[in-house]
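What follows is one structure encoded as structure tokens, with my remarks underneath.
The values are calculated or read from the model by the stated rules, or taken from the named source; none is laboratory data. Small disclaimer: the values here were computed from a predicted structure and weren't measured. Please note: Cβ atoms are built from the backbone with ideal geometry, for glycine as well, and neighbour counts cover all protein chains shown.
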Amino acid sequence: MEKLINDFSFGLFFWVAIIFTVLIFILRKFAWKPILSSLDEREEGIQGALDAAENAKKELENLQADNERILNEARAERDGLLKEAREMKANILAKAEEEATVQTDKMISKAKEVIAAEKKAAVADLKNQVAGLSVEIAEKVVKNELSDKDKQLALVETLLKDATLN
Amino acid sequence: MGAQSLSKIFATLVVSFFSLTLFAGTEAPENPIQHHDHKDDHHGDPHAHAATPSSNLHAKDAHANHGGAVDTKEEVDAYIQHHLADSHDVVLWSDGEKGTHVGFPLPVILWDGGLKVGMSSQFHHGESVATIGGNHYKLFHGKVYKTDAKGTLSYDEHHHPTNEKPFDLSITKNVFAMLVTGLLLLLGFGSLAKGYKNGPIPKGIGRFLEPLVLYVRDEIAKPNIGERKYRKYMGFLLTIFFFIWLLNLLGLTPFGFNVTGNITFTACLALITFLIVQFSGNKDYWKHIFWMPGVPVPMKIILAPIELIGLVTKPFSLMVRLFANITAGHSVVMGIIAVIYLMKDSLGLVGGISVSMILGIFINLIELLVAFLQAYIFTMLASLFIGMAVEEHDHH
């Protein structure tokens with residue numbers, strides 16, 4: 001203990017106090033402050049970058065979700081359009097078919113009418129012709145029969161026979 | 001809590017080993033040189049000039065040393081004592097038989113009815129009287145005494161000189177070491193600070209220093225003082241940490257500085273810490289000392305003096321811990337080096353050198369760890385005391 005007290009030097013104490021205090025102030029000004037603020041800045045920068053990355057990731061996720069949604073919507077719309085188109089096509093086809101049927105039916109019935117009329121005319125014509133022909137034939141036959149006296153007598157006979165029977 | 005402190009200790013060890021491996025490469029091979037330095041250095045011991053015969057142990061040591069080799073136990077003890085003490089010049093090595101010293105003198109600044117400035121070379125390592133500013137001074141056991149022209153010293157019964165002592169403001173070896181350390185810190189951390197202007201990642205020495213700054217901030221200051229208030233004390237904590245650490249490391253080099261193992265140095269740092277803690281103390285802090293809340297009145301009365309004692313023991317423990325650890329380290333290293341000379345007969349020269357080398361390197365490596373650890377502990381405790389002083393007691 002005595003030795004320690006003996007070793008104690010006020011001169012050295014003075015120098016330690018001076019040097020240490022001055023060192024604190026000089027180092028604080030030229031080293032610690034710039035170092036610590038640079039470290040803080042860097043850490044804030046890193047934190048900021050991390051946050052920004054996180055935000056970007058979130059945004060990207062949102063964007064992806066949006067894209068997905070838009071794509072789905074587009075797909076649905078396309079499907080709807082296709083369906084509509086298909087329906088329209090079917091409608092058009094059905095309508096056309098119907099129209100065609102109606103038209104054909106009309107044409108057929110008209111044709112039938114025409115045919116019937118033609119037929120009627122043809123039959124009437126035929127009837128007239130047959131009647132004419134029959135008269136002609138009968139004329140010729142009569143002419144033929146009356147040209148011969150015997151035959152005229154036979155005929156009269158026959159006719160008389162029939163008439164008698166009646 | 002346990003896990004936290006464990007991880008803290010672990011982190012400390014990791015950083016310590018890092019520094020250890022970093023410096024081990026340069027430190028260890030220097031040991032043998034250091035041995036020789038110390039051996040020869042002794043002959044420049046200013047004790048040697050204590051010519052007045054006396055029964056005092058110091059004087060006897062000094063007398064025995066005069067002109068001879070350091071090879072007895074007493075001489076080794078005296079030599080270690082001499083190394084541990086401050087001195088007025090830096091002696092790298094000496095040749096005792098020829099009486100030559102290699103080193104450099106330092107300025108001597110005395111306040112003796114006015115400022116007297118000279119050089120320590122005028123003392124001739126205590127062998128002669130120096131005339132500085134018209135007065136005569138003599139160096140005895142590392143202290144400057146005012147004498148007459150012949151350099152007569154008179155002693156009391158304890159063999160302490162009774163001569164008048166001027167106020168000694170000399171740039172001693174320790175002051176010189178502190179100035180060098182301050183300069184190194186300024187250069188190192190100044191370059192680190194400048195490095196940030198070129199980019200966020202430091203280059204060169206800054207790569208090594210930056211994690212240490214972060215370590216002090218994140219492992220010492222923030223957990224002990226708290227996120228909100230630590231910033232104000234960072235200047236003090238960083239300075240004290242690196243100042244002590246670098247001085248500890250400087251003490252391991254063969255220059256033979258022993259600043260942190262000097263009671264004056266640790267006392268001054270402890271006093272500065274004490275003052276900072278007291279001036280940071282808030283109302284709660286003083287209330288906890290003088291009128292402890294939450295205990296019965298008789299207990300309050302008993303606790304107040306105990307707390308007051310605690311106020312003083314805290315810086316006292318800071319002072320003694322650093323001083324004792326570093327002094328012990330230096331003593332052990334030098335004692336092991338002395339094995340070469342003391343056990344020459346039983347181990348032989350080769351045996352002595354190898355034992356001394358192996359143990360010396362081993363202890364020096366441990367000292368590297370201690371150098372960091374003591375800087376860490378001093379800073380840790382200082383921030384802990386500051387943390388206690390600025391703590392907000394919300395629960396009261």
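Annotations for the structure displayed:
- Residue that is farthest from the other protein chains (Cβ to nearest Cβ) [pool: residues in the stretch B:255-304 that are among the small types (Gly, Ala, Ser) and in a loop (DSSP other than H, G, I, E, B)]: B:GLY294
- Per-region count, the stretch B:229-278, residues crowded, with 21+ Cβ neighbours inside 10 Å and either of a type in the set (Gly, Ala, Ser) or not assigned by TED's automatic domain parsing to the domain that holds B:LEU179 (or both): 5
- Within the stretch B:137-193, considering residues that are in contact with a strand residue (DSSP E or B) (Cβ under 7 Å, 6 or more places away or on another chain) and hydrophobic (A, V, I, L, M, F, W, C), the one nearest to B:THR239 (Cα to Cα): B:PHE176
- Residue list for the stretch B:124-156, restricted to those being in contact (Cβ under 8 Å) with a residue 40 or more places away in the chain and touching a Leu at 6+ places or on another chain (Cβ under 8 Å): B:HIS125, B:GLY126, B:PHE140, B:VAL144
- Put simply, of B:ILE225, B:ILE205, B:ILE171 the only residue that is surrounded by 15 or more Cβ atoms within 10 Å (Cβ to Cβ), more than 9 Å from every other protein chain (Cβ to nearest Cβ) and either touching a helix residue (DSSP H, G or I) at 6+ places or on another chain (Cβ under 7 Å) or closer than 30 Å to B:GLY113 by Cβ (or both) is B:ILE225.
- Answer residue from the stretch A:11-29, given it is at the interface with another protein chain (Cβ under 7 Å from one of its Cβ atoms) and either in contact with a strand residue (DSSP E or B) (Cβ under 6 Å, 6 or more places away or on another chain) or not aliphatic (A, V, I, L, M) (or both) and is farthest from B:SER170 (Cα to Cα) among those: A:ARG28
- Of the residues making up the stretch B:177-198, those that are more than 9 Å from every other protein chain (Cβ to nearest Cβ) and surrounded by 22 or more Cβ atoms within 10 Å (Cβ to Cβ) number 1.
- Tabulated pairs, the stretch A:37-50, first within 11 Å of another protein chain (Cβ to nearest Cβ) and closer than 20 Å to B:LYS222 by Cα, second surrounded by 12 or more Cβ atoms within 10 Å (Cβ to Cβ) and modelled with pLDDT under 95, C-beta under 6 angstrom, 6+ apart or interchain: A:SER38/B:TYR196; A:ARG42/B:PRO200
- Here B:ASN163 fulfils each of the conditions (1) within 26 Å of B:ILE80 (Cβ to Cβ); (2) over 24 Å from the mean Cα position of the chain (by Cα); (3) part of a loop (DSSP other than H, G, I, E, B) apart from (1).
- Residue in the stretch B:168-175 that is more than 18 Å from B:LEU246 (Cβ to Cβ) and basic (Lys, Arg) present: no
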